[in-house]
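The values are calculated or read from the model by the stated rules, or taken from the named source; none is laboratory data. In this text, all values refer to a predicted model and were calculated from it rather than measured experimentally. Neighbour counts run over all protein chains shown; Cβ positions are idealised from the backbone, glycine included.
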Amino acid sequence: MNIERTTRKIYWLFFLLLCSLPAEAQNLLVSSPFAESKVRNEAVTRPRVDFNHDTCALVIVTLDFEDVDFEGDIKLIQLRDDEWWIYLSPGANWLTVLSEKHLPLRIEFAPVRPATTYTLGLKAPVVLKNLTVVSALSEEITMLDASRFRRNDDRGRGCALLRIGLLLPEAEFVGAVASEYRRGEWWVWMPADVRMLTIRAEGYTPLTLTFEPLKSLITYVMTISQSDAQVVYMEPEKPRSKAVENQLEAGKVVAQVPEPKPEPRPEPAVVAPQEYAVTGIVLDKKGKNPLPDAVVVLRQDDSVAVTGLTNAAGQYAFTVPEGLYSLAVSHSEYEGYVSKKPFAVKRATTVDPVRLTAVEKVPEPVVKRPKTESGWSWAAALESTVVPGLGQGLKGHWGKGIATFVGEAAMAGGVVGTYFLAQDQLDVLRNSNISQNEFNTAKSSYDAYRIMNIGLIGLTAAFHVYNIIRAGTMKPSKQVSVAVTPSVLPAMGTVSPALNMTFSF
């Protein structure tokens, strides 16, 4: 029986070494403390007696999770309408709550009185996930989605478009004018000059982003991912006021009505300015041919008002509010153009043709780089991955290989020892016949062993990775070298695979 138990523990050890950091058991939270109820009397209307024929006290426990058990001087346990009714013998002064997903919780109180009803509320921690920024918000001048799918804010200005890579079809963007989910990414239209955006999603902690003021009709891109879960403990209920408690004791029902909020004042209406059409054409200066796919940008007060591409005939057309604008044109094969003076838009305006000069292509010089040999050995790294120190040994460094193996074996032994020491303390915690001092001592020892176990696992893993890298980069010894090649051996009329090892001195 002991051999079977030891084998089972060894299997668990290898499982823990292959997995990441083990999950921590969570602590239960007391939502409402243990107290005598002034309004419930089920201990009198539905009494139970113990072996001495004394009327039991009744503890009504409310939970928001399942798979629970109780220990103590208990005579009867019943589940009624999502409440646990626990009958205790008169004079009992403690109760232990057990759950597979949580650490044991021991509650001590004054000795209970016969035929008295008590209440207790427990909660489990709320588990939320995090949203993590993978790539920060960046401006993409070449992407013209903000102009093609233009949307205006409440002042009539063109919005900035944020293309956010986020695999959450249900999300809320606080402060956005509009948002749409399109094939794995969110398109979010934001007013210009905004510096902050908050993202909310069910089951995730809110993520608030801050950045430089957004530009009108400019497209931005960023990527957000969902990371591992974190535990967020719920706050206990706020205590009632003394006046409310006195009225409850008198049997009165108290309804707390919030004060009415003043109605918001209506905001003055904002009249959008009149918009006019701006048209023009972009030509090749040498051949006077129209240039398609040229990037045209209209700027107003050092900010981008609108951008777009020329069509196959080299023409462009925009609709902008009244004001002063400057024009900028660029093309991948031509020199750029920027207007020297701004022009006024007070009606439909046609801009003078813009002629671009082609850029002469200069062949790039071909640079030949000398070939360098890599000092990395995949065979040695793989050997040290399977057996610590084997890669160093087969390269002739047997002293370092043996030291590596002994070091990792010692750290693995520490991991095993601290794991079983923690399990022994957990068995003590589950024992209902211990005192409070013993319980506190076992709890402190359990936490200490768990921290040591996690630290040793991380240290062992880091040391193992370091030795793999050392085995791959270490130069072979000039004194001793070993070559391993595949081979075959005759076996009963056929051949079987084998390895041929050659030692050189």
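Consider Ala115 carefully, then state whether it is of a type in the set (A, V, I, L, M) and on the phi > 0 side of the Ramachandran plot.
So Ala115 passes the test.
Identify, from the list Val329, Val282, Val296, Val304, the residue that is at pLDDT below 85 and in the same structural domain as Thr349 (by TED's automatic domain parsing).
On the way: Val329 fails: at pLDDT below 85; Val282 fails: at pLDDT below 85; Val296 fails: at pLDDT below 85.
None of the other options fit; the residue is Val304.
Just to be sure before I move on: is Pro125 modelled with pLDDT under 85, within 23 Å of Phe34 (Cβ to Cβ) and either in contact with a Phe, Trp or Tyr (Cβ under 9 Å, 6 or more places away or on another chain) or surrounded by 14 or more Cβ atoms within 10 Å (Cβ to Cβ) (or both) in the structure I sent?
Working: modelled with pLDDT under 85: yes; within 23 Å of Phe34 (Cβ to Cβ): yes; either in contact with a Phe, Trp or Tyr (Cβ under 9 Å, 6 or more places away or on another chain) or surrounded by 14 or more Cβ atoms within 10 Å (Cβ to Cβ) (or both): yes.
Here the answer is yes, as Pro125 does meet what is asked.
Just the residues that are assigned to a strand (DSSP E or B) and under 16 Å from Phe109 (Cβ atoms), please, taken from segment 33-66.
Applying the first criterion (assigned to a strand (DSSP E or B)) to segment 33-66 yields 33-36, 49, 55, 57-62.
Result: Pro33, Phe34, Ala35, Glu36, Ala57, Leu58, Val59, Ile60, Val61.
Hey, which of the strands (runs of 3 or more DSSP E) in segment 67-135, taking only ones fully inside, have at least 2 residues that are more than 28 Å from the chain's Cα centre (by Cα) and within 27 Å of Ala422 (Cβ to Cβ)?
The strands (runs of 3 or more DSSP E) meeting that bar are 68-71, 94-99, 102-108.
Going through Pro104, Pro111 one at a time, which residue ends up being in the same structural domain as Asp73 (by TED's automatic domain parsing), over 30 Å from Leu217 (Cβ atoms), exposed (fewer than 14 other Cβ atoms within 10 Å of the Cβ) and modelled with pLDDT of 85 or more?
Result: Pro111 is the single residue among Pro104, Pro111 that is in the same structural domain as Asp73 (by TED's automatic domain parsing), over 30 Å from Leu217 (Cβ atoms), exposed (fewer than 14 other Cβ atoms within 10 Å of the Cβ) and modelled with pLDDT of 85 or more.
Any idea which of Ser135, Ser99 is touching an Asp or Glu at 6+ places or on another chain (Cβ under 8 Å) and touching a residue at least 60 places away in the same chain (Cβ under 8 Å)? So that I can check it myself, show each step before the final result.
On the way: Ser135 fails: touching an Asp or Glu at 6+ places or on another chain (Cβ under 8 Å).
Result: Ser99 is the single residue among Ser135, Ser99 that is touching an Asp or Glu at 6+ places or on another chain (Cβ under 8 Å) and touching a residue at least 60 places away in the same chain (Cβ under 8 Å).
Just wondering, is there one or more residues in segment 360-371 that are surrounded by fewer than 14 Cβ atoms within 10 Å (Cβ to Cβ), within 44 Å of the chain's Cα centre (by Cα) and either farther than 24 Å from Ile141 by Cα or at pLDDT 80 or above (or both)?
First, pick out the residues of segment 360-371 that are surrounded by fewer than 14 Cβ atoms within 10 Å (Cβ to Cβ): 360-371.
This time we only want the ones that are within 44 Å of the chain's Cα centre (by Cα), so: 369, 371.
Of the ones still in play, those that are also either farther than 24 Å from Ile141 by Cα or at pLDDT 80 or above (or both) are 369, 371.
Yes, the conditions are met somewhere in segment 360-371.
Within segment 50-73, which residues are among the aliphatic types (A, V, I, L, M) and modelled with pLDDT of 90 or more?
Selection gives Ala57, Leu58, Val59, Ile60, Val61.
Which of the residues spanning segment 140-158 are more than 8 Å from Thr219 (Cβ to Cβ) and in contact with a Cys (Cβ under 9 Å, 6 or more places away or on another chain)?
Arg150, Arg151, Asn152, Asp153
Going through segment 55-101 one residue at a time, which ones are among the polar types (S, T, N, Q) and surrounded by 15 or more Cβ atoms within 10 Å (Cβ to Cβ)?
Thr55, Ser89, Thr96, Ser99, listed by residue number.
Mind listing whichever residues of segment 136-159 are part of a strand (DSSP E or B) and either of a type in the set (Phe, Trp, Tyr) or out of contact with any Lys or Arg (no Cβ under 6 Å at 6 or more places or on another chain) (or both)?
Ala136, Leu137, Ser138, Glu139, Glu140, Asn152
Can you spot a residue in segment 466-475 that is surrounded by fewer than 18 Cβ atoms within 10 Å (Cβ to Cβ) and part of a loop (DSSP other than H, G, I, E, B)?
Yes, segment 466-475 contains at least one residue that is surrounded by fewer than 18 Cβ atoms within 10 Å (Cβ to Cβ) and part of a loop (DSSP other than H, G, I, E, B).
Counting only residues that are in contact with a Leu (Cβ under 9 Å, 6 or more places away or on another chain) and in a helix (DSSP H, G or I), how many does segment 421-447 have?
Residues meeting the conditions: 7.
Among the residues of segment 182-213 satisfying the criterion of being hydroxyl-bearing (Ser, Thr, Tyr) and within 16 Å of Ser225 (Cβ to Cβ), which is surrounded by the most Cβ atoms within 10 Å (Cβ to Cβ)?
The selected residue is Tyr204.
If I go through segment 214-225 residue by residue, how many of them are surrounded by fewer than 17 Cβ atoms within 10 Å (Cβ to Cβ) and closer than 13 Å to Leu162 by Cβ?
1
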